[in-house]
Amino acid sequence: MESYLGEWLNLLLRWFHVIAAIAWIGESFYFVMLDLSLEVPKDAASRARGVFGELWAVHGGGFYNSQKYLVSPPQMPEHLHWSKWKSYATWLSGFALFTVLYLAQPRTYLIDPSVLEIGSGEAIGFALGFLLLGWFVYDALCHMLAEREGLLGAILAVLVVLAAWCTTHIFSGRAAFLITGATLATIMTANVFFVIIPGQRLMVASLARGEVPDPLPGKLGRQRSVHNTYFTLPVVFAMISNHYALTYAGRDNWVVLSVLMLSGALVRQFFVLRHGGRSVWTLPVGSAVLVAGLVIWMSPRELGSGAVAAADAGGTPVTLADIRPIIVQRCEVCHSAHPTLMESAPQGVMFDTPQEIETNAARIYQQAVRLKVMPLGNVTGITEAERVRLGQWVRDRGVQ
């Protein structure tokens, strides 16, 4: 029953997190588009009221006229929309999900002894430390280099790569990708909570007192909003990467993470420039070239090389009967109609019958032999020799 309720908790937290993230990202992308698409109003009356720029749009069977006052409107509006709760809800639900899955089960999800042998408490401390340290370092750099945006951007890019390298040398690949993305996500929400919203409150308070607001808080808030928009797609990739072991399971996974994050940032830059009237097609093309390069670089080698070939030197074919005990001992505790380690078989994949094992031969090779991400956290203690044996069986069947 506890495992059953845990599955529901996982599902509902993930669903809420996705809903909140879609709402936040959608609203954030809209305001970036709006800000970059503004034109000087042609109406003299609008300019006289202090309108800095406006955008006319057609949507939903009507016309919209969005106007921006650079510092403040002539008088305080009765109703103001504050873009904050979606950000807070996204981070809180994401952190809750991270706690339920990763922090509560560090041996399974955070730690990979082949990467670094650390205790559960250390792994949890390192994970939380990355989230906190990432924000403090980023915020300090923003204060020191507020007027040198180009240099600041270059340093931040280097730090993201450094974070990817550090996390992949401390945690399991899956956790490393997630923690790197969560560090950026924490920065994004902290920007909203500590800089953007407080700056807007200062402006509104000044206006309520009949004073001309100081433009600096608005300028700093805009800078952080720009940073957030470039972080968004890299964070989205990091969040979905746990479904694709081929990205995080390799030896040079920090390179994969860095390149795919850069690819996402290039795509975002394309849209940012396009909102301002420039279509720089080299950006999405460059992004595609980076991804294509990764696909080629990461392409699997032939199974018949290295340890597998050496083990197969005797030439005796490996049969299903030979590898069945490995499947039963190492895999069926999860992949079964009645698993013992969880409520139900992940993705409905079961190895109870010879036919089910034969049908999933390619999946077994991919996850247990080539990527070595299964069993999850190696909770069943599969050995390298057993992985090699499974690989021989797949090779002898002609499936890779």
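Once every DSSP H run of n ≥ 4 in the chain is given -39500 (n - 2.57) and the sum is divided by its residues, what mean residue ellipticity at 222 nm do you get, rounded to the nearest 500 deg cm²/dmol?
Result for the chain, helices only: -19500 deg cm²/dmol.
Against the longest alpha carbon principal axis of the chain, how many degrees, from 0 to 90 and to the nearest 10, is the axis of helix 215-240 turned?
Taking Cα atoms only, the helix is inclined about 20 degrees.
Which order results if L216, L131 are arranged by neighbouring Cβ count within 10 Å, fewest first?
L216, L131
Specify whether the C-alpha gyration tensor of the range 306-397 places it in the rounded, prolate or oblate class, a ≥ b ≥ c being the square roots of the eigenvalues: rounded for a/c under 1.5, otherwise prolate if a/b is larger than b/c and oblate if not.
Prolate, because a/c is 1.5 or more and a/b exceeds b/c.
Quick one: if you stick a label point 7 Å off each Cα along the C-beta vector at R49 and Y64, how many nm between them?
A separation of 1.8 nm, rounded to one decimal place.
Tell me, W165, W91, W15 in order of fewest to most beta-carbon neighbours within 10 Å?
Details: W165 18, W91 23, W15 11.
Least crowded to most crowded, the residues run W15, W165, W91.
Distance from the Cα centre of the range 22-98 to that of the range 124-203, in angstrom?
Their Cα centres are 25 Å away from one another.
Here are several values of Rg/Rh (Cα atoms, Kirkwood Rh): [x] 1.55; [y] 0.99; [z] 1.06. Which one was derived from the coordinates shown?
Only one listed value fits the structure, namely [z].
How far is helix 173-190 tilted off the main Cα axis of the chain, in degrees rounded to 10, range 0 to 90?
Compared with the principal axis, the helix lies near 10 degrees.
Quick one: T340, T180, fewest Cβ neighbours within 10 Å first, how do they rank?
Working: T340 8, T180 29.
By the 10 Å Cβ count, ascending: T340, T180.
With charges set only on the Cβ (+1 for Lys and Arg, -1 for Asp and Glu), what does the dipole of the chain come to about its Cα centre, in debye to the nearest 20?
920 debye
Per-residue counts of other Cβ atoms within 10 Å, averaged by peptide: what ranking do you get for 224-234, 153-163, 271-281, highest first?
Packing proxy ranking, top to bottom: 224-234, 153-163, 271-281.
Roughly how tilted is helix 2-36, in degrees to the nearest 10 and between 0 and 90, from the longest Cα axis of the chain?
For 2-36 against the chain, the angle is about 40 degrees.
State which stretch of the chain is the longest one without any exposed GluC sites (Glu not before Pro), exposure meaning a DSSP loop state and at most 11 other Cβ atoms within 10 Å.
303-400
How about K86: which lysines have a C-alpha closer than 23 Å to its C-alpha, ignoring those fewer than 8 places off in the same chain?
Within the straight-line limit of under 23 Å, K86 reaches these lysines: K68, K219.
When only DSSP loop residues count, what trypsin sites (Lys or Arg not before Pro) in the range 1-91 have their Cβ near at most 10 other Cβ atoms within 10 Å?
Counting only loop positions with at most 10 other Cβ atoms within 10 Å, the trypsin sites (Lys or Arg not before Pro) in the range 1-91 are K42.
Find the relative contact order for the chain and round it to a whole percent, using C-alpha pairs within less than 8 Å whose residues are 6+ positions apart.
Rounded, it is 14 percent for the chain.
A short reminder: the numbers here are calculations on the coordinates, not readings from a lab. Only a predicted model underlies this, so the values are computations on that prediction, with no experimental measurement involved. Ideal geometry is used to build each Cβ from the backbone, glycine not excepted, and the neighbour counts take in all protein chains shown.
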